[in-house]
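Inspection log for the structure reproduced underneath, given as structure tokens.
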Amino acid sequence: MNDLPSARPVGRRALFGAAGLGAGALLLAACGSDTSSRYGDSGGDGENGFVSGDGVTTEIDPEDRTDPVDFSGTTYEGKAFASADDLGSVLVLNIWYASCAPCRKEAPDLVEIAGDYASKGVEFVGINVRDEKGPAVAFQKKYKIPYPSLPDLDSKILYALRGQVSPNAVPSTLVLDAKGRVAARISGAADPSILRSMIDTVVDE
């Protein structure tokens with residue numbers, strides 16, 4: 001595993017520990033198909049098949065960020081998406097699925113933030129770890145999500161994020177800088193003021 005970047009915790013939140021950053025920390029594997037052999041024991045809350053976010057928020061100084069992440073897929077609308085196409089822009093990734101209660105709670109805030117930052121060239125994309133097209137598109141329509149989502153039922157995108165500041169819960173939100181590097185992370189439902197501050201920091205770099 002690559003050495004992890006040093007990170008700066010936001011507010012009173014503790015720094016996300018190094019022990020939780022490796023492949024075993026990708027606890028999202030409990031969602032959808034069983035990928036426990038790839039990521040290790042997923043834990044979780046049993047019936048719902050996900051691990052609740054722990055509220056940890058982390059920012060990484062530019063000099064401490066690791067290599068750009070690289071992933072691609074096809075949106076639920078059938079359009080190709082590649083993270084490499086967004087190099088030069090700040091990209092916000094939100095990990096979610098439709099029956100996740102915290103995902104529903106944060107959805108209106110994400111819609112508002114995505115709209116507010118569109119004029120600054122900030123792009124958003126969802127990574128759905130559980131849903132087939134029907135429930136995913138229904139969720140997008142209900143909450144009027146303005147950005148696309150990629151299905152990741154086989155955890156290939158999560159695997160591409162290994163060794164970085166990787167999500168270990170649903171929902172989780174990552175902010176990538178213009179070079180495609182992980183610059184900030186929220187585990188659990190995004191606090192809108194914290195996410196805005198994170199995006200502002202990266203946009204102003």
(request) With a Förster radius of 41 Å, plug the Cβ-Cβ distance of K141 and L87 into 1/(1 + (r/R0)^6) and report the FRET value to the nearest 0.05. (result) 0.85
(request) Identify the trypsin sites (Lys or Arg not before Pro) of the range 78-138 meeting these criteria: DSSP loop state and at most 11 other C-beta atoms within 10 Å of the C-beta. (result) K79
(request) Subtract the Cα-Cα distance of V111 and K79 from 0.36 nm times their separation in residues, and report this length gain in nm to one decimal. (result) 9.5 nm
(message) As a test, work out the antiparallel percent of DSSP beta bridges whose residues both lie in the range 69-205, rounded to the nearest 5.
(response) 60 percent
(request) Compute the distance in nm between two label points, each set 7 Å from the Cα along the Cα-to-Cβ direction, one at R196 and one at K133. (result) 3.7 nm
(message) Using a Cα-Cα cut-off of under 22 Å, which lysines could be cross-linked to K133, ignoring same-chain neighbours fewer than 8 residues away?
(response) K79, K105, K141, K142, K144, K156
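Values quoted throughout were computed directly from the atomic coordinates according to the rules given, and no laboratory measurement underlies them. These numbers were taken from a predicted model, which means no experiment stands behind them. A quick note on method: Cβ atoms are made from the backbone with ideal geometry, for glycine too, and the neighbour counts reach across all protein chains shown.
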